[in-house]
Structures are given as structure tokens and as C-alpha cells.
Amino acid sequence: MDGPTSETWDKYIATPPVKPYFEMKLGLEFENEEDACKCYNEYAGAIVANKMGNIKLSPLKQNIFILLLRPSFLICCHRKERLIAHELDMADDSGICPKLAWKFACRQAGGPECLGFTRRDQKITYGTRKTDLKRGEAATLLESFENRRSKDPAFHFSVLLNEDDLITNIFWADARMIKDYNVYVDVFSFDTTYRTKKSYRPLALFVGLNNHRQMVIFGAALLYDETTESFKWLFEAFLRAMSGKKLKTIITNQDSAMGKAISFVMPLPETYHRLCVWHLEQNALKHLGHVYKSNVSFANDFKNLVNNYEYEEEFLDAQELMLDKYDLRENDWLRNTFQLKEK
């Protein structure tokens, strides 16, 4: 976009705090140095109320100048702190050192002047994060939870210590999670698929659906392991946070330790335990991979068996047909899965 000339600038320039009639940007062209300087000074007064930095006029061709602005993020109030933290987290998760992360971010953005932060900002933020972690991840997390509870009295968290008084399991739920659970208590899915990046510890999530079929989280936990005792402690902590109100149906994968813990804490007929269809299909791929490869129709038959039969008699008939068709009566995984169904 061409900038205004010296004759027309005065009638278009806005006064603070109104924004000028056009947007200032890198590479804006002016006919002469006077127009460029006047535009710059008026724009700085209208938008920033301070000088944005030094300017440099670069001759592009005869009587044409380009205004090169010092990027606005060099002003403290324009720093994008959330962007800095996000970029650092992404780089750290990918195992990229800070120096290489900075070079990559500059190249991706089109140069350091196009970023929302400086190299010094990156060093300061990264150093602060390292200092926090030196205090211990557990101590930092607990301090964060205490701060949350001081602001939100309904915020709930529980910790499990081992024989050495070290934290092994942590569960938490805020006021919104507890409120959502009381409204949408009918059914939720319990999932431990996700893992922490360094120690590979399970991140457990209690996930439900609201009346708009949108996912809502009822609680979360970091676990040391996936034993029956850990799950039993977690389900008990969850019910304490929810004032003992038990749900009607819980959906999980085929983890045996998880199933045992559910039978102890939330037994039938108060709570029904169901298996997740997605996990069933993934486990079928793992244990029946040779059948999938040798029989193109097996995938569709297995999917129909899991999803398309409402009545038990129809399901059992289809099950028998599939076992005979693919010679799977002696398959241990299918036998154990069908036994779980009976429970």
C-alpha cells in the first residue's frame, strides 16, 4: 500500500487514541524522506504513544523510499509472552536445544523481525523454567495446586505417597469439572493412552459428553504405574472429589488391572463397566493382524460384530459365524474378550 503524500497526510492522520486510516507495515513506500518521517512520528504517537524505535530510510529507486521500522515487539508492552512459552514448550518437547529452536523459528517466520519475541526473551523465559524445575517437578506442581485452591475453594486434589514419602500419584479436579460431572454423570470414558514426555508416566483422564455431544473433562491424574492398587486409589480419590456420587457407566480399554479396580470401587449394579470400541479394534489389529492380512473381509465382519447388533441372540449368532468362517475358535485373545463380555 502506498503511503500518503505530504499534501494529503494532514487530512488523513488520526489523533490518539484513534488508529490511522491505513495500517503501518514493513516495506511501506513513500515518495520522499519528509513524508516518511512525518508518517512515522504521527503513527508512533497515535498507536504506541512512544517512539517505536529508530527508523532507516532505504532508497528503493529514484525518489522512492522504504520505511524500515524497528519491530514493535522490541517494546516491552508488545512482548508476546504466551507465544514465547508455547514456542519453548514445542521445541523442548521435540528435543531441540534453545539455540537451534531460535534459528528455526526465525527462518519459519521470515526473519527475527517477524517474531513476537527476541533471543533475550527466549533466554530469560527458558532460564525461569529451568529454575522452577530445579525446585522439583512435584513441589512446583503442588505449589501450583495450592495457589489454585486459594483462588478456587472448590478445587480438589489428592496425592499418594510411597514408603519413602515420595509422591507417586496425583489427582485433581477444579470447580468446573465437578459441576460438569454432577450434570453429565450418566457415562464417561477413562483413558490412560497419553504419557508424559520424559518419564513416560500415564496421564489419566476422566472424559464425558455434554448435551451438545462435546467432550468435557471431569478429572485428571498423573500415575506412577498402571497397577490395580494405583487405579483403586485413583477411583476412590475421584469419588471423594465428586462427593461420593457414582456414575452409571464407565468405558475403558481391556486393561485387567483397571477392570479389577473398577469392580472393587464401583461394582455392579451401581456402575456398568463397558469396553471402548476403538480400543477393541486396535487390540484386534494387534492380536489378529495375520487374519486382517489374509482375509480382506475380516475387518468389515469384525466391525459389524462390534457395532451393528442390538440383541444378544443376533450377536451370538454372528459371533459363531465369524469364528467358523475364519477358524478362530482357538484364538486366546478372542476367547478372553468374549469372556469379558459375559461379565
Spot the failing condition for LEU280; the list is (1) closer than 23 Å to ASN307 by Cα; (2) not in a helix (DSSP H, G or I), and only one is missed.
(2)
Taking the stretch 223-245, which residues are surrounded by 15 or more Cβ atoms within 10 Å (Cβ to Cβ), in a helix (DSSP H, G or I) and in contact with a strand residue (DSSP E or B) (Cβ under 8 Å, 6 or more places away or on another chain)?
SER230, TRP233, LEU234, ALA237, PHE238, ALA241
Does SER263 satisfy the criteria of being touching a strand residue (DSSP E or B) at 6+ places or on another chain (Cβ under 8 Å), free of Cβ contacts under 8 Å to residues at least 24 places away in the same chain, polar (S, T, N, Q) and outside the structural domain of THR337 (by TED's automatic domain parsing)?
yes
I'd like to know if the stretch 227-249 contains one or more residues that are β-branched (Val, Ile, Thr) and in contact with a His (Cβ under 7 Å, 6 or more places away or on another chain).
no
Extreme residue, modelled with the lowest pLDDT, among residues of the stretch 192-213 that are part of a strand (DSSP E or B) and in contact with a helix residue (DSSP H, G or I) (Cβ under 9 Å, 6 or more places away or on another chain)
PRO202
One residue is enough: does the stretch 277-292 have a residue meeting the conditions surrounded by 13 or more Cβ atoms within 10 Å (Cβ to Cβ), farther than 27 Å from ALA175 by Cα, in contact (Cβ under 8 Å) with a residue 60 or more places away in the chain and touching a strand residue (DSSP E or B) at 6+ places or on another chain (Cβ under 9 Å)?
no
Mind listing just one residue for me: the one in the stretch 147-166 that is closer than 18 Å to ARG240 by Cα and charged (D, E, K, R) and, of those, surrounded by the fewest Cβ atoms within 10 Å (Cβ to Cβ)?
ASP152
Condition broken by TRP172, with the remaining ones in (1) assigned to a loop (DSSP other than H, G, I, E, B); (2) touching a His at 6+ places or on another chain (Cβ under 8 Å); (3) among the aromatic types (Phe, Trp, Tyr) satisfied
(1)
Could you tell me whether the stretch 321-328 includes any residue that is at pLDDT below 90 and surrounded by 15 or more Cβ atoms within 10 Å (Cβ to Cβ)?
no
Check on ARG213, surrounded by fewer than 19 Cβ atoms within 10 Å (Cβ to Cβ), under 19 Å from ILE251 (Cβ atoms) and basic (Lys, Arg)
yes
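The values are calculated or read from the model by the stated rules, or taken from the named source; none is laboratory data. Computed from a prediction, not measured in an experiment: that's the story for all the values here. Virtual Cβ from ideal backbone geometry, glycine too; neighbours counted across all protein chains shown.
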